[in-house]
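**Q** A single structure is presented below for examination.
The values are calculated or read from the model by the stated rules, or taken from the named source; none is laboratory data. Just so it is clear, the structure is predicted and the values come from calculations on it, not from any experiment. Every residue, glycine among them, receives a Cβ derived from its backbone with ideal geometry; neighbour counts consider all protein chains shown.
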Amino acid sequence: MRRQPWWALWVGTVIVTVGVFSSITLAETVFVQAKTAKLRAGKTSLDRVVADLKFGEALEVLKKEGNWLEVSTAAGVKGWIFANKTTTTKPSGGDDALAKLGKSFRRTEASEVTASAGARGLDKASETYANKAGITQQHRDAVDRMTAYQIADQEVEDFLKEGGLGEYAK
Amino acid sequence: MRNKIVGTIAVVALSVALGGCAEMQRAAEGAARQSGDERLARAIHGGGTLISGLLPIGYEEESSIGQAIALQVVARYGGVSDQSDLTKYVNLVGRAVASTCDRPDIPYRFAILNHESINAFAAPAGYIFVTRGLLKQVRNEAELAAVLGHEIAHVSQKHILEVIQRSKRLAGVTEAGLAYAHQNPEAFKGLIDAAVKKLLDEGLDQEKEIEADQLGDVFAARVGYDPTAYVGLLNRLKTLKGDDRAFFKTHPNFSTRIEAVQKVMQSEGLKPTGVMLGDRFTKLSKG
């Protein structure tokens, strides 16, 4: 039987060690699973907000108490977050890497699409469809209004608070 | 000749395999065209087109598709209610549930359809509809949250987009966004009409409906709504007869759905919270 070179054993040990340590790190990391989330000084919704967190942000878990996690952000800010706003797997979000790659391959007139995104009005593709399908102006206006419909994040927050929902649970 | 074929394959493979490959593919295509080798340029272009057809649909393209499907839903279900207070209330409940769903980073919009059938629909990119008929069956905010959660799950799990992706592959279409609608409006219409038929007439696959039931209840429970509320609503809908149940012919039977929701409550450890918010629903749903 041929003997394995010494460096093969060394490389193997490094790979196993890295694997073990990264899995430990992953087990202690959570990600923000909400459009926005507040990091608070204590574990109640009445405590002072120490940071506003963004969707997908990685947080290191320091402690768990009831529905709250004590965490540390990448910038080193420590605080408490409502556990239901976190997930242990990294969320992929609206466009994952593959979708972005697919878009870059397609010969879409990207600037026109981008210009219409978020702006009031049907986009050109839908307008073309509406013309072909004979959709009435009244129904076009309805979808137009729906697209433009906005509610401020603060209003949603107040609604949760009033209903004793989310981190405002009694 | 053999060398040329090998070269073509190598360039195509290289151009699509490396990092930043779309740019590289364009550069390779341009270089081939400049050198007068149109065949090679076309082969490189074809390689990229083939790959793009297999890659998932991005949000901008999803948005065009969602808006076009929304137009058909509105047209076929009597238009959208103009009761602004009621619309705002449904949007607040929907936004609360969507805020902690598995895809909270896209806009979700909710509208009420002027239709008496008991129905709810979701189009890609967060266009969600409930009928006036369905709202009449709902007794509290927790039930409404679960219904909206079900539709949000269809969007977050990209169930309708999967249907479109399959149709695109079958039709050999590489994109269904603005450029495609512009170049080939008839084919774009065909793609949307097929998705609308699946959504409104045939129904999505049964396992997708079960997944939406389970995830919808989880999403609503994450916000704090009582997870047993949805079981209550499904039990009540189960007793309906005749035309009122027409829509549900496209869904799995109620016993299967109730069982699936109870199963997820157990596996996810969802406990009754008692948060039904019946009074707020009664007050605000009167619009």
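**Q** Under the condition of being more than 8 Å from chain A (Cβ to nearest Cβ), of a type outside the set (Ser, Thr, Tyr) and in contact with a Lys or Arg (Cβ under 9 Å, 6 or more places away or on another chain), which residue from the stretch B:84-97 is surrounded by the fewest Cβ atoms within 10 Å (Cβ to Cβ)?
**A** Among those residues, the one meeting the criterion is B:85.
**Q** Looking at A:128, A:87, A:147, which one is at pLDDT below 90, surrounded by 14 or more Cβ atoms within 10 Å (Cβ to Cβ), among the β-branched types (Val, Ile, Thr) and touching a Phe, Trp or Tyr at 6+ places or on another chain (Cβ under 9 Å)? Steps first, answer last, please.
**A** On the way: A:128 fails: at pLDDT below 90; A:147 fails: at pLDDT below 90.
So the residue among A:128, A:87, A:147 that is at pLDDT below 90, surrounded by 14 or more Cβ atoms within 10 Å (Cβ to Cβ), among the β-branched types (Val, Ile, Thr) and touching a Phe, Trp or Tyr at 6+ places or on another chain (Cβ under 9 Å) is A:87.
**Q** Consider only pairs whose beta carbons are under 6 Å apart and that are at least six residues apart or on different chains; among these, list those whose first residue lies in the stretch A:44-63 and is within 14 Å of chain B (Cβ to nearest Cβ) and whose second residue is among the aliphatic types (A, V, I, L, M) and in a strand (DSSP E or B).
**A** From the stretch A:44-63, the pairs are A:53/A:32; A:53/A:37; A:53/A:39; A:55/A:32; A:57/A:32.
**Q** Please go through (1) farther than 20 Å from residue B:142 by Cα; (2) among the acidic types (Asp, Glu); (3) more than 7 Å from chain B (Cβ to nearest Cβ) for residue A:123 and return the number of the only condition it doesn't satisfy.
**A** Here residue A:123 clears every test but (3).
**Q** Separate question: When the stretch B:84-116 is examined, which residues are found to be of a type in the set (Ser, Thr, Tyr) and under 21 Å from residue B:139 (Cβ atoms)?
**A** Residues of the stretch B:84-116 of a type in the set (Ser, Thr, Tyr): B:84, B:87, B:89, B:99-100, B:108.
Across the stretch B:84-116, the qualifying residues are B:87, B:89.
**Q** Right, next: Scanning for something over 13 Å from the mean Cα position of the chain (by Cα), at the interface with another protein chain (Cβ under 10 Å from one of its Cβ atoms) and not β-branched (Val, Ile, Thr), does the stretch B:62-72 turn up at least one residue?
**A** First, pick out the residues of the stretch B:62-72 that are over 13 Å from the mean Cα position of the chain (by Cα): B:71-72.
Subset that is at the interface with another protein chain (Cβ under 10 Å from one of its Cβ atoms): B:71-72.
Pick out the ones that are also not β-branched (Val, Ile, Thr) and you get B:71-72.
Checked the stretch B:62-72: at least one residue is over 13 Å from the mean Cα position of the chain (by Cα), at the interface with another protein chain (Cβ under 10 Å from one of its Cβ atoms) and not β-branched (Val, Ile, Thr).
**Q** Out of B:205, B:213, report the one residue that is among the acidic types (Asp, Glu) and crowded, with 17+ Cβ neighbours inside 10 Å. Lay out the reasoning, then the answer.
**A** Values: B:205 fails: crowded, with 17+ Cβ neighbours inside 10 Å.
Answer to the selection: B:213.
Every residue, every condition in (1) in contact with a Phe, Trp or Tyr (Cβ under 6 Å, 6 or more places away or on another chain); (2) small (Gly, Ala, Ser); (3) at pLDDT below 80, yes or no:
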{"site": "A:1", "(1), (2), (3)": "no, no, yes"}
{"site": "A:13", "(1), (2), (3)": "no, no, yes"}
{"site": "A:62", "(1), (2), (3)": "no, no, no"}
{"site": "A:75", "(1), (2), (3)": "no, yes, no"}
{"site": "A:97", "(1), (2), (3)": "no, yes, yes"}
{"site": "A:100", "(1), (2), (3)": "no, no, yes"}
